[in-house]
Each structure stands twice: as C-alpha cells, then as structure tokens.
Amino acid sequence: MGRAPHDRHAQSVSAGLAPASADPESESAYDSWADIYDSIYSYVRADIPFYVGEALDSAGPTLELGVGTGRVAIPTAARGGDVVGIDSSAAMLSAARRKIEALGPSLGTLELVAADMRDFDLRDSRGAERKFALATIPFRGILALMTVQDQVRALRSVHRHLQPRGRLAFDVFVPDPYMALEQSDVPRHLRDVTDPETGDSYVLYQQTGYDFYNQIVSVRMLIEELDGSGAVCRKMYRDYQLRYCHRWEIHHLLRCCGFEIEALYGDFDRSEFDETSTQMIWVARKV
Ligand SMILES: C[S@@+](CC[C@H](N)C(=O)[O-])C[C@H]1O[C@@H](n2cnc3c(N)ncnc32)[C@H](O)[C@@H]1O
C-alpha cells in the first residue's frame, strides 16, 4: 500500500469504493462495508438534497446505480420520488432493506434489485424494458468501475434504460497532482466521525497507494471504534479501490456513450466548476 493523499483527497477517496463484482450473486468487495458504511460516512450529507432535488424535478422514475444502503435513495423516496436502486453487493442491499422495513409503508416507492451496473436489464411485468427519467450514481460509484471498458458498458446500459432526453447525474472527485507525492505505508489520520443516529464514535486512518498508469487508487482504511470513555474498543481494516478520472476524460466518455453535457458543477450547491473545485458533479442528457 502507498500513502494517503492530503486532506482534500483523503476526503475524496473515502467513498468506500471497491472493485466491481462481475456477478451480483458472488461476493462483492463492498459486502464487508455494509455493517459500518452508514456510520463511517454519516458525515457525507451535502449530496443528498442535490440528488433528491434532481429526482423530484424529473418527470418520471429515478434509477440509482450502486444504491448501497439507500443513503440517498431512502430520503428520495421519503420525499415522494419513485426510485429503483441496483447494487451488486448483497450485504449492502440487505442493509438498505432493513432500513426500509424499519421505516414502514410511509416511505414511498423504493425498489431494490441485485444487478451489476455494467450490464443490467430491468423489465416490467409485461417484459418491456423499463425506462427512467433520471439515472444517478451518487458518491463516486462510477469510480468503482476499474476499466474504461466497464465504464462504457455501464453508460450504455444506463442509456438504454433512459427515456428519450432522460438525464444522468453523478459525482466524482477531482484528481490532484499532489497525489503523486503523498504515497506512504504509514496510516494517516483522516477524520473523527460520530454517527448522529447511533452516537458511535470512530477514528479513521488510511494508507493509500496509486497506480498512476491505470489511474487506480488502493486504500486501506483503519477504523478505530471508541467506547464511551474514549478507549479503542474495536479495530477494523477495510480495503477498497477506485479508478479516478479526469475532467475531459469524463466529458469525452459521456459524449462517446450518447450523452450531451448539460451541466458540470463544482459543488452540490450547483456552483460552477472551476480550477479550485475539488469535486465534479455531472449532469448529462441522453441524445
Ligand atoms: C460508494 S458506494 C455508494 C452507495 C450509495 N449510492 C451512497 O451514495 O451511499 C458504491 C456502491 O456501488 C456498488 N457497486 C460497486 N460496483 C458495482 C457494480 N459493478 N454494479 C452495481 N453496484 C456496484 C457498491 O456495492 C456500493 O454499494
């Protein structure tokens, strides 16, 4: 393993991303995250109103790729959105189902499907391909695809499932040249997190290594759980990988896969993307 990137990237790469699993029935690298994902990423909130707003502004159902524990899909359905979420991790989907059951029928329409975002085929009860007004890939889920070929397959599958002029919204972090200087085997403090739901506290460290040729970052996160007295009561390691992408790479990828670019924001407040941005929030439209 290499070293962790500096703060800006440490936050960026902490998406819990891992290699895509080919078969939705097989074990996913995300399975090991399912029990702690919502607590560890409880500090990630700014994207939720953005994606909820996109769904409610769309004249039709929303498809979320890599729905995970429903962190975004559940608030979307709770606000009246009609959502289908797909994911290749059985454990992440089980965590989402438990939350949905606990919320009861008041939640609204949220359907979960075990499927691989690189190649999926969603059909209605009459066998017709389902079409969506909006597809979303929140929290850098597209970076879980380790090759350009996988990204193209996913974008083509999305394209097929969109209504005419349907939209795709997703976010990724902006890669930074400082990453090259910051590899190390020494775990670096990333942040302290207290889950507002459970009150559980964690201290997060990470080691990060970069394969600049293939644009793959490998992260080992060391998670220390604290008891009420502040003593470490549990220590866990979780690994993930992601393939980081540059601005014009995504621009051309979208265009090659049949999308026109409607907006590129630098933040979830819809501020314009510029040279200071640390995130890219893309909104594209099916041509
Ligand atoms: C970073 S998490 C995002 C989860 C959720 N969208 C959120 O915002 O919290 C990425 C999710 O993508 C899923 N995933 C990764 N590769 C996938 C693939 N090839 N097909 C479907 N889901 C995949 C993972 O299981 C994980 O739940």
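Can you spot a residue in the stretch 63-74 that is assigned by TED's automatic domain parsing to the domain that holds PHE268, in contact with a strand residue (DSSP E or B) (Cβ under 6 Å, 6 or more places away or on another chain), closer than 19 Å to LEU155 by Cα and surrounded by fewer than 24 Cβ atoms within 10 Å (Cβ to Cβ)?
The answer is no, given that none of the residues of the stretch 63-74 is assigned by TED's automatic domain parsing to the domain that holds PHE268, in contact with a strand residue (DSSP E or B) (Cβ under 6 Å, 6 or more places away or on another chain), closer than 19 Å to LEU155 by Cα and surrounded by fewer than 24 Cβ atoms within 10 Å (Cβ to Cβ).
Suppose we filter GLN206, GLN215 for residues that are buried (at least 17 other Cβ atoms within 10 Å of the Cβ), outside the structural domain of TYR265 (by TED's automatic domain parsing), over 22 Å from ILE250 (Cβ atoms) and not aliphatic (A, V, I, L, M); which single one remains?
Working: GLN215 fails: over 22 Å from ILE250 (Cβ atoms).
Within the list GLN206, GLN215, the selection yields GLN206.
Quick test of your reading of the structure: GLU262 fulfils all but one of (1) among the acidic types (Asp, Glu); (2) surrounded by 12 or more Cβ atoms within 10 Å (Cβ to Cβ); (3) more than 20 Å from the chain's Cα centre (by Cα); (4) under 23 Å from VAL44 (Cβ atoms). Name the failing condition by number.
Result: GLU262 fails condition (4) only.
Specify which of the listed residues (ARG118, ARG160, ARG123) is at pLDDT 95 or above, of a type in the set (Lys, Arg) and within 12 Å of the ligand (Cβ to nearest atom). Before you say what the answer is, go through the steps one by one.
On the way: ARG160 fails: within 12 Å of the ligand (Cβ to nearest atom); ARG123 fails: within 12 Å of the ligand (Cβ to nearest atom).
Just one listed residue meets the conditions, ARG118.
Kindly provide the set of residues from the stretch 127-136 that are over 14 Å from the mean Cα position of the chain (by Cα) and among the hydrophobic types (A, V, I, L, M, F, W, C), ordered by number. Working first, answer last.
So in the stretch 127-136, the residues over 14 Å from the mean Cα position of the chain (by Cα) come out as 127-134.
Within the stretch 127-136, ALA128, PHE132, ALA133, LEU134 meet the criteria.
Restrict the check to the stretch 240-250 and report whether at least one residue is in contact with a helix residue (DSSP H, G or I) (Cβ under 9 Å, 6 or more places away or on another chain) and more than 29 Å from GLN183 (Cα to Cα). Even if it seems obvious, please write down each step before you answer.
Restricting attention to the stretch 240-250, the residues satisfying the condition of being in contact with a helix residue (DSSP H, G or I) (Cβ under 9 Å, 6 or more places away or on another chain) are 240-245, 249-250.
Filter once more, keeping what is more than 29 Å from GLN183 (Cα to Cα): none.
No, the stretch 240-250 has no match at all.
Is there a residue being more than 16 Å from the chain's Cα centre (by Cα), polar (S, T, N, Q) and closer than 28 Å to ASN214 by Cβ anywhere in the stretch 137-147? Outline the logic, then answer.
Looking only at the stretch 137-147, we keep the residues that are more than 16 Å from the chain's Cα centre (by Cα), and these are 147.
The next check asks that each one be polar (S, T, N, Q); those that pass are 147.
Adding the requirement that they be closer than 28 Å to ASN214 by Cβ leaves 147.
Yes, the stretch 137-147 contains at least one residue that is more than 16 Å from the chain's Cα centre (by Cα), polar (S, T, N, Q) and closer than 28 Å to ASN214 by Cβ.
So the check is Cβ under 8 Å with 6+ separation or different chains; which pairs have a first residue in the stretch 251-272 that's farther than 24 Å from VAL52 by Cα and a second one that's part of a loop (DSSP other than H, G, I, E, B)?
Once the first residue is farther than 24 Å from VAL52 by Cα and sits in the stretch 251-272, its partners that are part of a loop (DSSP other than H, G, I, E, B) give LEU253/CYS245; GLY258/VAL287.
Out of everything in the stretch 159-183 that is surrounded by 15 or more Cβ atoms within 10 Å (Cβ to Cβ) and more than 22 Å from the chain's Cα centre (by Cα), what residue ends up being nearest to ASP267 (Cα to Cα)?
The selected residue is GLU182.
Given the criterion within 23 Å of LEU155 (Cβ to Cβ), of a type outside the set (Ser, Thr, Tyr), away from the ligand (no atom under 16 Å from the Cβ) and modelled with pLDDT under 95, identify the matching residue among ALA59, ALA102. Reasoning before the result, please.
Numbers: ALA102 fails: within 23 Å of LEU155 (Cβ to Cβ).
Selected residue: ALA59, the only one of ALA59, ALA102 that is within 23 Å of LEU155 (Cβ to Cβ), of a type outside the set (Ser, Thr, Tyr), away from the ligand (no atom under 16 Å from the Cβ) and modelled with pLDDT under 95.
Please determine, by comparing only the residues of the stretch 110-131 that are out of contact with any Lys or Arg (no Cβ under 7 Å at 6 or more places or on another chain), free of Cβ contacts under 8 Å to residues at least 40 places away in the same chain and not small (Gly, Ala, Ser), which one is farthest from ALA34 (Cα to Cα). Before the answer, list the steps.
In the first step, residues of the stretch 110-131 are kept if they are out of contact with any Lys or Arg (no Cβ under 7 Å at 6 or more places or on another chain); the result is 110-111, 113-117, 120-121, 125-128, 131.
The next check asks that each one be free of Cβ contacts under 8 Å to residues at least 40 places away in the same chain; those that pass are 111, 113, 121, 125-128.
Cutting the leftovers down to not small (Gly, Ala, Ser) gives us 111, 113, 121, 126.
Numbers: GLU111: 18, VAL113: 16, ASP121: 25, ARG126: 34 Å.
If we take residues in the stretch 110-131 being out of contact with any Lys or Arg (no Cβ under 7 Å at 6 or more places or on another chain), free of Cβ contacts under 8 Å to residues at least 40 places away in the same chain and not small (Gly, Ala, Ser), then ARG126 is farthest from ALA34 (Cα to Cα).
From the list VAL52, VAL72, which residue is closer than 24 Å to LEU162 by Cβ, among the β-branched types (Val, Ile, Thr) and within 8 Å of the ligand (Cβ to nearest atom)?
Working: VAL52 fails: within 8 Å of the ligand (Cβ to nearest atom).
It is VAL72.
The values are calculated or read from the model by the stated rules, or taken from the named source; none is laboratory data. Computed from a predicted structure; not experimentally measured. Every residue, glycine as well, gets a Cβ built from its backbone with ideal geometry; the counts of neighbours run over all protein chains shown.
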